[in-house]
Amino acid sequence: MDGLAGYVVRRLLFLPVVLLVVSFGTFFITRWGPGDPISIYSGQYRDPEAFARVRHTYGLDKPIIVQYGIWLKDIALHGDFGVSFRYRDRTIPEIIGPKIWVSVRLGAYAFILTFLLGIPIGIYAAVKQGTWLDPFLISVFLFFQSIPVLVTVPVLVILLAVKVHWVPPGGFDGIFSRSMIIPTLALGLPGVAGVARLARATTLGALHEDFVRTARAKGLDEFTVITRHVARNAVAPVMTTVIGLSLVGLIEGALITETLLGIPGIGEYTFQSVNAKDYNVILVIVLLITFAFVLANLLVDLVLVAIDPRARLAGGGGP
Amino acid sequence: MTASSADEQGRGAGAAFVAPAHAGSSPFARAARRLLRKKIAVICMIAIAVFYVGGAFAPLLAPYGYNHQNLDLAFHGPSLRHLFGTDALGRDTLSRNLFAARTTVIVTLATLATGFVALPVSLGLLAGYRGGFADAAISRSGEILASLPALPMLVLINATMRPRFLGWVKDVEGWLHWHGLSSSGFADYFLIFGVLSLFGWVGGMRLIRAQVLTLRRSEYVLAARASGATTRRVLFRHLLPNVMPLVVVGASASLGAIAGSEIALTFLGVGVQPPHPSFGSLISDGASRIALEHHPELLLVPAAIVATLIFAFNLLGDALNDVITPGAR
């Protein structure tokens, strides 16, 4: 697999370029739209003189390209990502740090659910290849994947919080509370089909390996062959891909789930910041997500190449 | 794909020196036959067809207008006059769902045509066949777009650009002395399918580019070149028919995601604006506390339709994938 290291280095070297282009694009898009944070916070009846003075203090009266230059310079020279217009007494890392931590814990729950369901189902489906169980199992979870998160969340709220009062209908009080059940299900279930399919594919590959035939020839029972020999070789690549893929899915799912359930995570905060035009916070969040996204996609590509050497390195994502 | 275009594909492939395995009927016709033998695929196609016909003919099929209010009948359960009941403003749920389907039909078809067929095919052919600067520019911009998380960026772009965009539309309407664009909600559709296309073309472009890179060194392309075929002829008669199956699979697999994106955007309040119905706003209305507790059908009807549609698209995409790349089973 020559050129693989070079490929990774090239992708990583390209990352700063991506971040620069994305930061410029986001900077331009957010500030070019009508309105600005100062006019949102000062309300309808404002003193024009004071309004102009505050805008001038934050440099919002300068041309966008000049503002972008100042923003870049502040990061390069002082590591300063700018001020949040909503919470001016705290730095942006102080504001979004705790929110990211909430989302990370929520994502970890969802990830564990996806993994614990997806891997066994995928392996089982592969073992049952050719029977009705194989397509049936995959289809059931494909159905869960097909329901948009914005449908799952209210339906789960009806079932679990309104009809029977097992869980609170929203909010967040720590990760060891019942308020985690709905978001975990909503975020975790859609990923199961993907994991199961991947586990099925790798298991099917492993089933035809020589060492499996050897294990069977030794007289091991089928269960031991599958759990000891096949699963071990099928799970490793799936696990790495799942981390990458679920990151992608979780970021998108978190936006809706957190907004709907009032969970103070980064998804909800992104949405709030967009509505409040909190420019600098939006920028930092978009750049962080992009950074995580690039790494996750790179990871997924590498694993897919390892699983199937025919996969082209330029691929990834896919339509 | 209609039968006539499948025939054309077949003749296009037959004109080239195709490997013996492909001789006989065209690969496209054979794939179509295999697809029709799959019961699940046929059921999915029927479900999708019902949805699209219902959406396209919503104005004829709907018993009421999507905005026809009857406040005396607000929050009524299913009855003979209103099969699925009415919402908070006494609007007929069945009619609103049909018109929401129309929104989905318009947005998915427009996005499919531009973002998943026209853009990826032209850019992929260009990048793969020309190489050099064109390839670098297209591939690098694709890479940057693909490194962005789509949904947050779509929300951001729609939330910030919409006022500007509507301003342009008003200007255009002013020049044309015709004001149907913004009042019919068409401006919203246009913005949504524009941004969805912007983020959608990358995957398809890469597939086509990779395929063209492999094929352009194949013997039949070399033979075509040697016999004096122009670049255009090589591209459209020899390469395009061979990459079309990939485009079809990619597009069909993406349709569910396109429909889902529009619904999510509208749900978050940055997509299709009221009073124009979309499943996003229907689900959002149905998820309000009062509707949830007393009239769950307001949520369940649109939710079931959306889930079924996306499920059908996903299953069909799977079946197509199996048919076209049998090795992947």
Answer residue from the stretch B:193-228, given it is away from chain A (no Cβ under 14 Å) and without any contact (Cβ under 8 Å) to a residue 12 or more places away in the chain and is most open to solvent (accessible area, probe 1.4 Å) among those: B:Arg217
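State yes or no: is A:Tyr68 among the hydroxyl-bearing types (Ser, Thr, Tyr), open to solvent by less than 50 Å² (accessible area, probe 1.4 Å) and over 21 Å from the mean Cα position of the chain (by Cα)?
Numbers: among the hydroxyl-bearing types (Ser, Thr, Tyr): yes; open to solvent by less than 50 Å² (accessible area, probe 1.4 Å): yes; over 21 Å from the mean Cα position of the chain (by Cα): yes.
Yes.
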Subset of the stretch A:136-172 (residues that are over 18 Å from A:Gly253 (Cα atoms) and either assigned to a helix (DSSP H, G or I) or among the acidic types (Asp, Glu) (or both)): A:Phe136, A:Leu137, A:Ile138, A:Ser139, A:Val140, A:Ile158, A:Leu159, A:Leu160, A:Ala161, A:Val162, A:Lys163
Some residue of the stretch A:71-92 being open to solvent by less than 70 Å² (accessible area, probe 1.4 Å), among the aliphatic types (A, V, I, L, M), in contact (Cβ under 8 Å) with a residue 40 or more places away in the chain and in contact with an Asp or Glu (Cβ under 7 Å, 6 or more places away or on another chain): no
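Mind checking which helices (runs of 4 or more DSSP H) fall wholly inside the stretch B:87-189 and carry at least 1 residues that are open to solvent by less than 40 Å² (accessible area, probe 1.4 Å), under 30 Å from A:Leu295 (Cα atoms) and not β-branched (Val, Ile, Thr)? Before the answer, list the steps.
On the way: elements: B:93-111, B:119-130, B:132-146, B:150-176, B:180-183.
By residue number, B:119-130, B:132-146, B:150-176.
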Qualifying residues in the stretch A:109-135 (those that are within 12 Å of chain B (Cβ to nearest Cβ) and part of a helix (DSSP H, G or I)) - the one nearest to B:Ala319 (Cα to Cα): A:Pro135
The stretch B:287-309, residues that are within 7 Å of chain A (Cβ to nearest Cβ), modelled with pLDDT under 85 and surrounded by 21 or more Cβ atoms within 10 Å (Cβ to Cβ): B:Ala287, B:Leu299
Any chance B:Pro275 is outside any helix (DSSP H, G or I) and either among the basic types (Lys, Arg) or surrounded by fewer than 21 Cβ atoms within 10 Å (Cβ to Cβ) (or both): yes
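So, in the stretch A:118-169, how many residues would count as being among the hydroxyl-bearing types (Ser, Thr, Tyr) and under 13 Å from A:Ile181 (Cα atoms)?
Here is the first cut: in the stretch A:118-169, the residues among the hydroxyl-bearing types (Ser, Thr, Tyr) are A:124, A:131, A:139, A:146, A:152.
Add one more test, that the residue is under 13 Å from A:Ile181 (Cα atoms), and what stays is A:152.
Counting residues in the stretch A:118-169 that are among the hydroxyl-bearing types (Ser, Thr, Tyr) and under 13 Å from A:Ile181 (Cα atoms) gives 1.
For every residue, the table says whether it meets (1) open to solvent by 30 Å² or more (accessible area, probe 1.4 Å); (2) of a type in the set (D, E, K, R); (3) modelled with pLDDT of 85 or more; (4) over 14 Å from the mean Cα position of the chain (by Cα).
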| residue | (1), (2), (3), (4) |
| --- | --- |
| A:Ala206 | no, no, no, yes |
| A:Glu209 | yes, yes, no, yes |
| A:Asn275 | yes, no, no, yes |
| A:Leu295 | yes, no, no, no |
| A:Val303 | no, no, no, yes |
| A:Ile307 | yes, no, no, yes |
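The values are calculated or read from the model by the stated rules, or taken from the named source; none is laboratory data. Note that the structure is a prediction, hence the values are computed from the model and not measured. Heads up, the Cβs are rebuilt from the backbone with ideal geometry, glycines too, and the neighbour counts pull from every protein chain shown. The protein model used for the area step is the full one, side chains on, heavy atoms only, and it has no ligands, DNA or RNA in it. Shrake-Rupley method; radii C 1.70, N 1.55, O 1.52, S 1.80 Å.
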